[in-house]
Amino acid sequence: MFAGAKRERYAFRIADLWRVAVAGFLSLWGMMGVCVGETQVGNVRIAMQPGECRLLLNGVDIGCPSGAVHTRLENGRHLVNFPGGDISAVGFAGQKIEVAGNASSVLWIDAAYINQQRLAVDGQCAFKRKEDGVVELECKAILRDGRKLSASLKNVEQKDSFLGVETATAGREKCERLIRLHGMLTRAQFQCKFSKYNTALIDEASGCMPAVGKNNVEAILRDGMTLFDSHERERGHKAVCSAILADFPKLIRR
């Protein structure tokens, strides 16, 4: 536990330095439309979400110049850092993230940082991307001494994958691939007379409908079915059915 907390404090300092550097970059190049991508070193990933933010400690506004930084550590823990006005930086840390669909997530937090001092807390950070693309981040924590610490951020768009939520573009492309796969395997189940099909894929494909648009789902499914048909013509019925079983053993069986 001590070693983990020590690594977390170190990551908190690094993330805050990275936030300052990127903030300077954005101020110089933001007007040109240049986007700052995520940074990954080994298994540590750092991403920034710009936007208007606000920090409150026990109801007192302590200032929040710009943006938030999400750091995923090697040990699986997560940090969400905010710059401070009266206080240099505030961070929220936790282990468990729950992602709902493709547009929202919750990080359950058990620690907070105020000027690099680690404090035990109870609370959560919630991230959400709305249908119009606007993103909102809200962190709330209760310190063991009863004080309340909260942070909020809002921006017109999501700049990078944040707290387990991919950008709308990345999420849509991933969902298109998944629905196309569903279409191909559905055709394979019928043509190859497979009897077992993993229902988890069906559920996941259904959850992707909002990301790709309900009007586009049928066309993407047809693309997947057509893909199977073309492989069947080129490779032969028996060969393509055997390949499907070999490539997707967890999804489909005889």
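The values are calculated or read from the model by the stated rules, or taken from the named source; none is laboratory data. Worth saying up front: this structure is predicted, and the values here are computed from it rather than measured. When we count neighbours, we look across all protein chains shown, and the Cβ atoms used for this are built from the backbone with ideal geometry, even at glycine.
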Could you tell me which of the residues Glu166, Glu176, Glu234 is modelled with pLDDT under 90 and closer than 30 Å to Ser66 by Cβ?
Glu166
Can you tell which of Lys159, Lys154, Lys174 is of a type in the set (Lys, Arg), under 14 Å from the mean Cα position of the chain (by Cα) and not assigned by TED's automatic domain parsing to the domain that holds Arg233?
Lys159
Does at least one position in segment 168-183 carry a residue that is touching a residue at least 24 places away in the same chain (Cβ under 8 Å), farther than 30 Å from Glu52 by Cα, touching a Lys or Arg at 6+ places or on another chain (Cβ under 9 Å) and not acidic (Asp, Glu)?
yes
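Are there strands (runs of 3 or more DSSP E) fully within segment 91-209 with at least 2 residues that are among the charged types (D, E, K, R)? List them. Spell out how you get there, then give the answer.
Values: elements: 104-114, 117-129, 135-143, 148-155.
Per the criteria, 117-129, 135-143, 148-155.
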Going through Lys193, Lys159 one at a time, which residue ends up being surrounded by fewer than 21 Cβ atoms within 10 Å (Cβ to Cβ) and more than 21 Å from Glu98 (Cα to Cα)?
Lys193
For Gln116, are the conditions met, namely being in the same structural domain as Ile46 (by TED's automatic domain parsing), surrounded by 15 or more Cβ atoms within 10 Å (Cβ to Cβ) and over 17 Å from Gly63 (Cβ atoms)?
no
Close pairs (6 angstrom Cβ cut-off, 6 or more residues apart or separate chains): within 13 Å of Met184 (Cβ to Cβ) in segment 233-246, surrounded by 12 or more Cβ atoms within 10 Å (Cβ to Cβ) and modelled with pLDDT under 90 anywhere
Val240/His231; Val240/Glu232
Failed criterion for Lys250 (all others in (1) charged (D, E, K, R); (2) within 28 Å of Gly133 (Cα to Cα); (3) in a loop (DSSP other than H, G, I, E, B) hold):
(2)
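Select from segment 42-90 the residues that are of a type in the set (D, E, K, R), touching an Asp or Glu at 6+ places or on another chain (Cβ under 7 Å) and assigned to a loop (DSSP other than H, G, I, E, B) and list them in ascending order. Spell out how you get there, then give the answer.
Residues of segment 42-90 that are of a type in the set (D, E, K, R), as a first pass: 45, 52, 54, 61, 72, 74, 77, 86.
Narrowing further to those that are touching an Asp or Glu at 6+ places or on another chain (Cβ under 7 Å): 45, 54, 77.
Passing the criteria: only Arg77.
Quick one: in segment 191-201, which of the residues that are under 35 Å from the mean Cα position of the chain (by Cα) and among the hydrophobic types (A, V, I, L, M, F, W, C) is nearest to Val240 (Cα to Cα)?
First pass over segment 191-201, keeping only residues under 35 Å from the mean Cα position of the chain (by Cα): 194-201.
Of the ones still in play, those that are also among the hydrophobic types (A, V, I, L, M, F, W, C) are 194, 200-201.
Details: Phe194: 13, Ala200: 23, Leu201: 20 Å.
Applying the filter and picking the extreme gives Phe194.
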